Amino acid sequence: MTSKRQIITAAHWGGLKVTVENGVINRSGTAFSDEQENELQTVVAEQVYSPSRIRFPTVRRGFLEGNSDRTLRGRDEWIRISWTQALDLVHNELSRVRQVYGAQGIFGGSYGWKSTGALHSSRTLLHRYLNLTGGFVNSFGDYSTAAAQQILPYVVGGNEVYEQTSGWETVLACSDIIVLWGANPIATLRNTWTATDQQGITYFRRAQQAGKRIICIDPVRSQSCERLKAEWVPIRAGADVALMLAIAYTLAEERLADRAFLRTHTQGYEIFEAYLLGKTDNQPKTPQWASRICGLPVPQIQRLARDFSRHRTILMAGWGMQRRKYGEQPAWMLVVLAAMLGQIGLPGGGFSFSHVNGNGGVARSQIGALGKISEKPVGFRPEFTAAIPVSRLTDALLHPRKTISFNGGRITYPDIKLIYWAGGNPLSQQHDLNLAVQAWRQPECIVVNEINWTPTAKMADIVLPVTTSFERNDLTQSGSFSMRHLFPMKQVVPPQFEAKNDYDIFLELAKRAGVAERFGEGKSELDWLRGFYSSLQNCGRNLPDFDVFWQANRPLVFTDTEADKHWVKYADFRRDPQANPLHTASGKIEIYSETVAAMRYADCQGHPMWFESEEYTERSDTHYPLTLVTPHSPYRLHSQLAQTSLRRYCTVNGREPAWIHPIDAEKYEISHGDVVLIESPQGQALVTANVTESVRQGVIALYQGAWYDPLNPGETGKTLCKNGCANVLTSDESASRLSQGNAPNGCVVRVTKFVGEVPEITAFAPPYCNRSESVRSGMSENPGG
Ligand SMILES: Nc1nc2c(c(=O)[nH]1)N[C@H]1C(S)=C(S)[C@@H](COP(=O)(O)OP(=O)(O)OC[C@H]3O[C@@H](n4cnc5c(=O)[nH]c(N)nc54)[C@H](O)[C@@H]3O)O[C@H]1N2
Ligand SMILES: Nc1nc2c(c(=O)[nH]1)N[C@H]1C(S)=C(S)[C@@H](COP(=O)(O)OP(=O)(O)OC[C@H]3O[C@@H](n4cnc5c(=O)[nH]c(N)nc54)[C@H](O)[C@@H]3O)O[C@H]1N2
Ligand SMILES: [Mo]
């Protein structure tokens, strides 16, 4: 007799219904009938049964045998060990490092997009374990919005990027023009930090159907541009501030700027205007000036200024343009431009940083926040805390005890001797991987909990196999803001091979350290979930009993409030700035910030300005004549799902495609489908040429997220990445001294047709594992047994 079940769960890419037949997953898709298509939802089986999975605990031979040559990392032999051996080994290493170097020797930053879930949150669990055993060095900030999240609080009093923004209904009702400024929401809203509900995508489609004028300012003709039938303004990469300044200049010159709003609601416009008009630097920021930088014709720039000011216009900023050198400037200048347009606080006008990421602008349900596992038990004070900006890890490993500037203060790097990573893939996702590989030679020990043999796992000493979220029970809400659903993330299949939950791994380690009671609080998996669920019941809602909810195998759906749908951000501030001041130094929008100016940073000054970056100076000579941008792919979440059949959407002739304009292709004698070498000052990668008019001339677009696949693993020169990972090309330079943010967009590159034998891609192949003596004698041959 065949058995067939349908199980409800969720992932970053939304609510899922998974079909299991005779114990085997054979189908997955959306949990709802009326949702926007999202291909990411269809590959659950491939994730669970992937040949890339780590099947059993593994240790690097040199590490096990006490060989101090750490250049073996990435190319050494792997040895299979038992869970008991592995956990003892990890426990002993952590204890040793703690004893010899103290908590400052242990880096547990472990940034990453681990699976969603209130309980099985690998990074939180790692932190909980490390806090209970004496503390660790953390990282702060993120790779997503490092520059914007640091600068915007000075400008508008909040970070904007992770804040709710004006309700979509107000956009639908009142906006005439929607500007997607470096944003690709049709792709990026397919994922959120919890589980996406894709409501933002539905709203964008409605905006298009309602005949709104949508303008994409982007070096790439993105999926959003195409699917929303938007006007494409093909700006040169990294030139946004120049364009914004020229629009601002036109507003000032043609008396289109809202002087009254600037007077009553902003601070420091005159200082900025002196710069804008060239009184401080003899360079008026005219459309003629900007045109040479951003590559757009003067009349087009002037037309944008006039159209924006004469119609209700909302500037929706994506995050790619701030993920670069001087990344604070476009974020700050976008707000200044919106202030000059004078529509901030009006329905359908102003600016936003979260409509295009996280489904901002979608009204919040009244359900409240679900409880979740915490980094410390209630009332527990860790003995030691320290943190570095997330993007500075490579620098910190290479230069222990170096002091850097950060946001008006100073940070001294710790001397890291052990790295523990659970839930991220830094060896593909961090910038400048050749430098990173060099840095990863520094620590004495690297432990990685992973599902798959990612490039990060391959660079570790001890690798512990972890379950996918489909092999355990959990809970998650949907929509970063909406909290529209509560999903039971029900276990779909038992743990595969020898994989364990991160929770159980850290509980076992906590046992060895004598803190299991505090770590686990004596609770089972379902006890925890029941407790989290009760936090919602405490909100006074009429929720079913946990057991009823859990048995029902259905998401709970909550409705939002009308008031939220029509909320206009900054409306109160607009109406009465005295009574409703912003959380800035002056209570107003700071076009000029005394606080930032007082930091006296050359690379981020008192008001937004145009900084000439490498691509625009003489250094971008014939050697590296092109600029690289690395957008997020519609068909994966960073490096996640890159190993599945979604590759068919992501690749050309089986390789990562680099988008190149036909004129550039001709110039460099490249045809569509050719295998091409991209080189930057940092490294080199193999890709296929995607010759297309959907990228601006002078720019190469290469999606981030390909698994780093070095020709000579562990080598720190410019070893070729066979799988086109963008981050072998990117630079370790940070956005500025203010944010110390990552800046992967905007490195200079050259492209040539690859000659010679094309190496095979091996990124997704697990390394060969030997078996230790104890395994040979004591354990079954079947990796699942
Ligand atoms: N060039 C370039 N680089 C970029 C960017 C860019 O725009 N350009 N974007 C940056 C941005 S915004 C971000 S957020 C980062 C993303 O960087 P990461 O978050 O490091 O990237 P992911 O590929 O999502 O890695 C998540 C890893 O967690 C693992 N994982 C999933 N669930 C679990 C679990 O339950 N337990 C454990 N132990 N592991 C799990 C997955 O297998 C995967 O390997 O990349 C950054 N890198
Ligand atoms: N499908 C999918 N969705 C995702 C993710 C994913 O990997 N895949 N990742 C999630 C995460 S962690 C994050 S942080 C967000 C990322 O969201 P974003 O940072 O907004 O996404 P990006 O694709 O990096 O950039 C958006 C657009 O900006 C353009 N762009 C790049 N440089 C410039 C520039 O200098 N000027 C201008 N004007 N445009 C530029 C790119 O071509 C792209 O079309 O997406 C989230 N959602
Ligand atoms: Mo991100």
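Here are the numbers for this structure:
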{"quantity": "Spans of strands (runs of 3 or more DSSP E) in the range 433-490 with at least 1 residues under 30 Å from Ser68 (Cβ atoms) and open to solvent by 10 Å² or more (accessible area, probe 1.4 Å)", "calculated": "445-450"}
{"quantity": "Residue satisfying all of: in the range 117-162; in a helix (DSSP H, G or I) and in contact with a Ser or Thr (Cβ under 6 Å, 6 or more places away or on another chain); farthest from ligand 3 (Cβ to nearest atom) among these", "calculated": "Tyr154"}
{"quantity": "Options Arg574, Arg530; residue that is touching a helix residue (DSSP H, G or I) at 6+ places or on another chain (Cβ under 9 Å), assigned to a helix (DSSP H, G or I) and open to solvent by 80 Å² or more (accessible area, probe 1.4 Å)", "calculated": "Arg530"}
{"quantity": "Set Val356, Val378: member being free of Cβ contacts under 8 Å to residues at least 40 places away in the same chain, under 30 Å from Leu486 (Cβ atoms) and either open to solvent by less than 10 Å² (accessible area, probe 1.4 Å) or out of contact with any strand residue (DSSP E or B) (no Cβ under 6 Å at 6 or more places or on another chain) (or both)", "calculated": "Val378"}
{"quantity": "Looking only at the range 203-226, and only at residues there that are open to solvent by 60 Å² or more (accessible area, probe 1.4 Å) and farther than 24 Å from Ile301 by Cα, the one that is nearest to ligand 1 (Cβ to nearest atom)", "calculated": "Arg205"}
{"quantity": "Residue check for Val775: modelled with pLDDT under 95 and within 16 Å of ligand 1 (Cβ to nearest atom)", "calculated": "no"}
{"quantity": "Residue within the range 512-535 that is of a type outside the set (Gly, Ala, Ser) and at pLDDT below 95 present", "calculated": "no"}
{"quantity": "Single residue of the range 630-667 satisfying the filter (among the aliphatic types (A, V, I, L, M) and within 16 Å of ligand 3 (Cβ to nearest atom)) that is nearest to Ala183 (Cα to Cα)", "calculated": "Leu637"}
{"quantity": "Filtered residues of the range 533-571 (kept if within 18 Å of Arg364 (Cβ to Cβ), part of a loop (DSSP other than H, G, I, E, B) and open to solvent by less than 80 Å² (accessible area, probe 1.4 Å))", "calculated": "Cys539, Gly540, Leu543, Pro555, Phe558, Thr561, Val568, Lys569, Tyr570"}
{"quantity": "Candidate set: the range 134-174, residues that are within 15 Å of ligand 1 (Cβ to nearest atom) and hydroxyl-bearing (Ser, Thr, Tyr); chosen: the one nearest to Val356 (Cα to Cα)", "calculated": "Tyr162"}
{"quantity": "Check on Gln99, assigned to a helix (DSSP H, G or I), surrounded by fewer than 23 Cβ atoms within 10 Å (Cβ to Cβ) and touching a helix residue (DSSP H, G or I) at 6+ places or on another chain (Cβ under 8 Å)", "calculated": "no"}
{"quantity": "Residue list for the range 266-297, restricted to those being aliphatic (A, V, I, L, M), assigned to a loop (DSSP other than H, G, I, E, B) and under 30 Å from Leu582 (Cα atoms)", "calculated": "Leu277"}
{"quantity": "Residue count for the range 305-325, restricted to those that are within 16 Å of ligand 1 (Cβ to nearest atom) and either part of a loop (DSSP other than H, G, I, E, B) or polar (S, T, N, Q) (or both)", "calculated": "5"}
{"quantity": "Flag if Ser428 is in contact with a Lys or Arg (Cβ under 6 Å, 6 or more places away or on another chain) and in contact (Cβ under 8 Å) with a residue 12 or more places away in the chain", "calculated": "no"}
{"quantity": "Subset of the range 143-178 (residues that are acidic (Asp, Glu) and open to solvent by 10 Å² or more (accessible area, probe 1.4 Å))", "calculated": "Glu163, Glu169, Asp176"}
{"quantity": "Out of Ala369, Ala387, Ala331, sole residue that is open to solvent by 10 Å² or more (accessible area, probe 1.4 Å) and at pLDDT 95 or above", "calculated": "Ala387"}
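Yes/no matrix, rows are residues, columns are (1) in contact (Cβ under 8 Å) with a residue 40 or more places away in the chain; (2) not charged (D, E, K, R):
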site	(1), (2)
Met489	yes, yes
Leu526	yes, yes
Phe532	yes, yes
Asp576	no, no
Ala579	no, yes
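Condition check ((1) at pLDDT below 95; (2) buried (at least 18 other Cβ atoms within 10 Å of the Cβ); (3) over 25 Å from Ile201 (Cβ atoms)) across all residues:
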{"residue": "Ser33", "(1), (2), (3)": "yes, no, no"}
{"residue": "Ser52", "(1), (2), (3)": "no, yes, yes"}
{"residue": "Arg60", "(1), (2), (3)": "no, yes, yes"}
{"residue": "Arg73", "(1), (2), (3)": "no, yes, yes"}
{"residue": "Leu94", "(1), (2), (3)": "no, yes, yes"}
{"residue": "Ser110", "(1), (2), (3)": "no, yes, yes"}
{"residue": "Trp113", "(1), (2), (3)": "no, yes, no"}
{"residue": "Thr116", "(1), (2), (3)": "no, yes, no"}
{"residue": "His120", "(1), (2), (3)": "no, yes, yes"}
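Every residue, every condition in (1) of a type in the set (S, T, N, Q); (2) assigned to a strand (DSSP E or B); (3) away from ligand 1 (no atom under 16 Å from the Cβ); (4) open to solvent by 10 Å² or more (accessible area, probe 1.4 Å), yes or no:
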residue: Thr644; (1), (2), (3), (4): yes, no, no, no
residue: Tyr649; (1), (2), (3), (4): no, no, yes, yes
residue: Asp664; (1), (2), (3), (4): no, no, yes, no
residue: His672; (1), (2), (3), (4): no, no, yes, yes
residue: Ile678; (1), (2), (3), (4): no, yes, no, no
residue: Ala689; (1), (2), (3), (4): no, yes, yes, no
residue: Glu715; (1), (2), (3), (4): no, no, yes, yes
residue: Lys718; (1), (2), (3), (4): no, no, yes, yes
residue: Glu733; (1), (2), (3), (4): no, no, no, yes
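The values are calculated or read from the model by the stated rules, or taken from the named source; none is laboratory data. No experiment lies behind these values; they were computed from the predicted model shown. Cβ atoms come from the backbone with ideal geometry, glycine included; neighbour counts cover every protein chain shown. Note: areas computed on protein heavy atoms with side chains; ligands, DNA, RNA excluded. Shrake-Rupley method; radii C 1.70, N 1.55, O 1.52, S 1.80 Å.
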